[in-house]
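Each remark here refers to the structure printed beneath this line.
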Amino acid sequence: FQLTFAAITPALIIGAVAERMRFASVMLFLAIWFTFSYLPIAHMVWWWGGPSAADAPAGYLFGLGALDFAGGTVVHINAGIAGLIAAIVVGPRVGFGKENMAPHNLTFTIIGACLLWVGWFGFNAGSNLEANGLTAQAMLNTITATAAAALAWSAGERLLRGHASALGAASGAVAGLVAITPAAGLAGTMGAII
């Protein structure tokens with residue numbers, strides 16, 4: 001399960017530099033990043049020695065009180081910063097700000113967002129590592145936060161542009177998935193909606 005998180009996180013970084021780096025360079029960057037960034041952060045945030053004693057060993061950030069139910073720090077912040085640094089180093093896309101860079105196939109974009117949403121249940125609910133009430137809360141939070149974010153994005157588009165769009169709803173849904181991930185099992189349903 002944890003290896004799946006580790007394997008999918010580089011896809012977030014690759015999105016920041018897609019078609020602007022050589023494949024060998026991307027692979028080298030990811031190998032270095034995984035070894036010296038992902039593994040230490042995952043250990044610091046998620047490692048817990050167990051309930052055997054009050055002074056059980058734990059990861060550094062876990063010991064400081066970091067709460068990351070399903071990857072907000074380990075996956076999203078970690079990959080986001082790596083992607084930002086890689087994009088800064090590579091430079092802006094050719095035509096950025098001058099050409100329309102909307103997805104070339106809206107149908108595939110919606111299908112991709114739907115697949116992400118379904119798969120995200122596995123990450124958020126699966127992060128509890130057992131089937132109980134906390135798992136159900138993580139699933140409920142995943143659906144409500146994502147739906148609320150899609151509606152909020154659509155409402156914002158309606159106010160700013162005069163109409164909502166399917167691309168905007170998909171963007172809002174993905175933003176909602178990312179936003180609820182660290183608190184999927186820790187927030188209440190109203191907190192997830194907000």
Q | Under-5 Å amide H pairs with A58, H placed in peptide plane, nonlocal only | A | G49
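Which order do I88, I143 take by accessible area at a 1.4 Å probe, largest first?
Highest to lowest solvent-accessible surface, that is I88, I143.
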Q.
Using the Kirkwood radius over C-alpha pairs as Rh, can you work out the diffusion coefficient of segment 93-194 via Stokes-Einstein at 4 °C, viscosity 1.567 mPa s, in µm² per second?
A. 89 µm²/s
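Could you provide, to the nearest whole Å², the per residue accessible area of segment 45-164 with probe 1.4 Å? Intermediate results must be reported in sequence, preceding the final value.
Working: 7540 Å² over 120 residues.
Result: 63 Å² per residue.
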Q.
Kirkwood hydrodynamic radius, segment 72-136, all distinct C-alpha pairs: what's the number in Å?
A. 15.2 Å
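Please list R20, R158 in order of solvent-accessible area, largest first, computed with a 1.4 Å probe with all protein chains present. Present the calculation step by step, with values, prior to reporting the outcome.
On the way: R20 60, R158 145 Å².
From most exposed to least exposed: R158, R20.
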Q: For segment 1-103, report the translational diffusion coefficient in µm²/s to the nearest whole number, using Stokes-Einstein at 25 °C, 0.890 mPa s, and a Kirkwood Rh over Cα pairs.
A: 160 µm²/s
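For the chain, compute the orientation-averaged projected area of the C-alpha convex hull (one quarter of its surface), in nm². Intermediate values should be presented prior to the final figure.
On the way: hull surface 51.6 nm².
Averaging across all directions leaves 12.9 nm² for the Cα convex hull.
On the accessible surface of the chain, probed at 1.4 Å, how many percent belong to carbon and sulfur atoms? Show your work: numbers first, answer last.
On the way: 8320 of 11570 Å².
Result for the chain: 72 percent of the exposed heavy-atom area is carbon or sulfur.
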Q. What percent do you get for the relative contact order of segment 37-93 when only Cα pairs under 8 Å and 6+ apart count?
A. 33 percent
Q) Tell me, what HN-Hα J-couplings in whole Hz come from the Karplus equation 6.51 cos²θ - 1.76 cosθ + 1.60 at θ = phi - 60° for each residue of segment 29-36, using x for Gly and Pro? A) 4, 5, 5, 5, 4, 4, 5, 9
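The values are calculated or read from the model by the stated rules, or taken from the named source; none is laboratory data. All values reported here derive from a predicted model rather than from experimental measurement. Only protein heavy atoms, including side chains, enter the accessible area calculation; ligands, DNA and RNA are left aside. Shrake-Rupley method; radii C 1.70, N 1.55, O 1.52, S 1.80 Å.
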